[in-house]
Amino acid sequence: MPNLQLLLHKVLDAVVVMRRDGTVAEWNRCAEIIFGWSRSEAIDRSMGEMIVPERYRIAHDEGLRRYLDTGEGPVLDRRIEITAINRSGREFPVELTITVTDYAGEQVFLGFLRDISDRKEAELALAESEARLQATYNHALVGIGEVAEDGRFLRANEPFSQITGYALEELRQLSFLGITHPDDREEDLRLFDSLWRGEIDGYTREKRYVRKDGGIVWIELAASIVRGGAGARSFGVRIVRDISERRRAEEHQRLLLNELNHRVKNTLAIVQSLAQQSFKGIEVPQEPLAAFEGRLRALSAAHDLLTQRNWEAASIRSIISAALLPFQCSDSSVAMAGPDVLLPPQTSVSLALAVHELATNAAKYGALSLPTGRVNIQWEIVEDRLKWEWIECGGPPVSLPKSRGFGTRMIERALAAELSGDVQIEFLPTGVACLLEAPLPRLDGDAMSASRT
């Protein structure tokens, strides 16, 4: 067997030797596997009839004649992709290289063919995936930008362009720091550097972009990084959402709340002044007047706390602390324990007034009137019910009062009504105890969350 024939049967591609008349002179083992014809069947048979689809056979024959007449062949010594058929008639893509050589004393065409069906299917799947990704990328409701390690934009989608006012080509000439508001750059750069160093997996923040037209746009940013592998480069992903309207609404709300707070505090001051003027020149016991003014201060403190939180829910701990502030209670005299449960605004005001009344009574007659006195305030959540208690000890001996005062009635009725629960005040010999049990208050229709402190 000639040396060329030995070589043909060792290569990993299908190898076909075709004579000038178009018949097969050699056919290796890989050709048998790919096309389904045995070597004995293929030898001396027309190659076009075996592996060229019928619709391409005329072009195949014309190309062969052109080469024989002119010595020129456009597909010679080039790597091309064509469609072939196997013995069963199934068409599939092949990669083909043809060269002219001598074989057994005659000039022949030596063809190397490789079945690329798997590669083509993979390329098609990749193209479809990229098309879906591109469609999602450009039609997302958020801006998406990809940046290099130095912060330069590699690419961005249309929503990102709309948010910043820069065309996509213009963005590729900029960095994310270049369009970031000067006051927001330092923190953003610190987080970005930590992300690339692998110290954090990602970060979110609110910041400002300076648009191309000079306008300021507030955005919510979620930043992460895609680590490249096998030679692929890493890049940062920055997903942004325009929150300018929300920020303007929040600022407007803040101004309105500040104005409301100012007016309410003025109203409370007017009420206090009216009371003082009304009783001026009249012999009024100092104790009721002081109690009245204390309740106004408790209302004011609760209102201040809610204003600081934009009239959102406030925690039990912060409500109690604000109500106790005028009494200058130390850690040794008052102890608090319980989960940081949130209460809606109206409930917060009611609880603040209740704590003020209890603290006032304790400072005058109970545990807070002696250095040895102590108040334990604790609460817990049991099966979606709030259990709260105020227990005094170490103070003067306590006896049952002859009648219920305004403060006691207010706690037992107003607080119980507000929370739709039960409130009991007990005058034990060791000190006053106030016990509250009610359904856990809800915010916006959802069960209020609580976390252990």
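Residue-wise test of (1) out of contact with any helix residue (DSSP H, G or I) (no Cβ under 8 Å at 6 or more places or on another chain); (2) assigned to a strand (DSSP E or B); (3) free of Cβ contacts under 8 Å to residues at least 12 places away in the same chain.
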residue	(1), (2), (3)
81	yes, yes, no
89	yes, no, yes
93	no, yes, no
98	yes, yes, no
102	yes, yes, yes
108	yes, yes, no
112	yes, yes, no
123	yes, no, yes
126	yes, no, yes
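Residues in the range 370-395 that are surrounded by fewer than 14 Cβ atoms within 10 Å (Cβ to Cβ) and farther than 29 Å from residue 441 by Cα: 370, 371, 372. Beta carbons closer than 8 Å, at least 6 apart along the sequence or on distinct chains, pair a first residue in the range 163-191 that is free of Cβ contacts under 8 Å to residues at least 60 places away in the same chain and closer than 15 Å to residue 238 by Cβ with a second that is part of a helix (DSSP H, G or I) and among the small types (Gly, Ala, Ser) for 168/161; 171/161. Looking at residue 128, is it over 15 Å from residue 179 (Cα atoms) and either modelled with pLDDT of 90 or more or of a type in the set (Asp, Glu) (or both)? Judged against the criteria, residue 128 is a match.
Here 323, 367, 354, 359 are screened, and the one residue that is farther than 18 Å from residue 411 by Cα and more than 36 Å from the chain's Cα centre (by Cα) is 367. In the range 151-163 there is no residue matching the filter, namely being at pLDDT below 90 and farther than 21 Å from residue 226 by Cβ. Filtering 178, 215 for residues that are surrounded by 13 or more Cβ atoms within 10 Å (Cβ to Cβ) and over 22 Å from the mean Cα position of the chain (by Cα) leaves a single hit, 178. Looking across 246, 241, one residue alone is within 19 Å of the chain's Cα centre (by Cα), part of a strand (DSSP E or B) and surrounded by 12 or more Cβ atoms within 10 Å (Cβ to Cβ). It is 241.
This table checks each residue for (1) surrounded by 17 or more Cβ atoms within 10 Å (Cβ to Cβ); (2) at pLDDT below 80.
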site	(1), (2)
303	yes, yes
312	no, yes
316	yes, no
331	no, yes
334	yes, no
357	yes, no
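Flag set for residue 94, criterion: under 50 Å from the mean Cα position of the chain (by Cα) and buried (at least 17 other Cβ atoms within 10 Å of the Cβ).
Checked against (1) part of a strand (DSSP E or B); (2) over 19 Å from the mean Cα position of the chain (by Cα); (3) surrounded by fewer than 14 Cβ atoms within 10 Å (Cβ to Cβ), residue 183 meets all criteria but (1).
The values are calculated or read from the model by the stated rules, or taken from the named source; none is laboratory data. Worth saying up front: this structure is predicted, and the values here are computed from it rather than measured. Cβ atoms come from the backbone with ideal geometry, glycine included; neighbour counts cover every protein chain shown.
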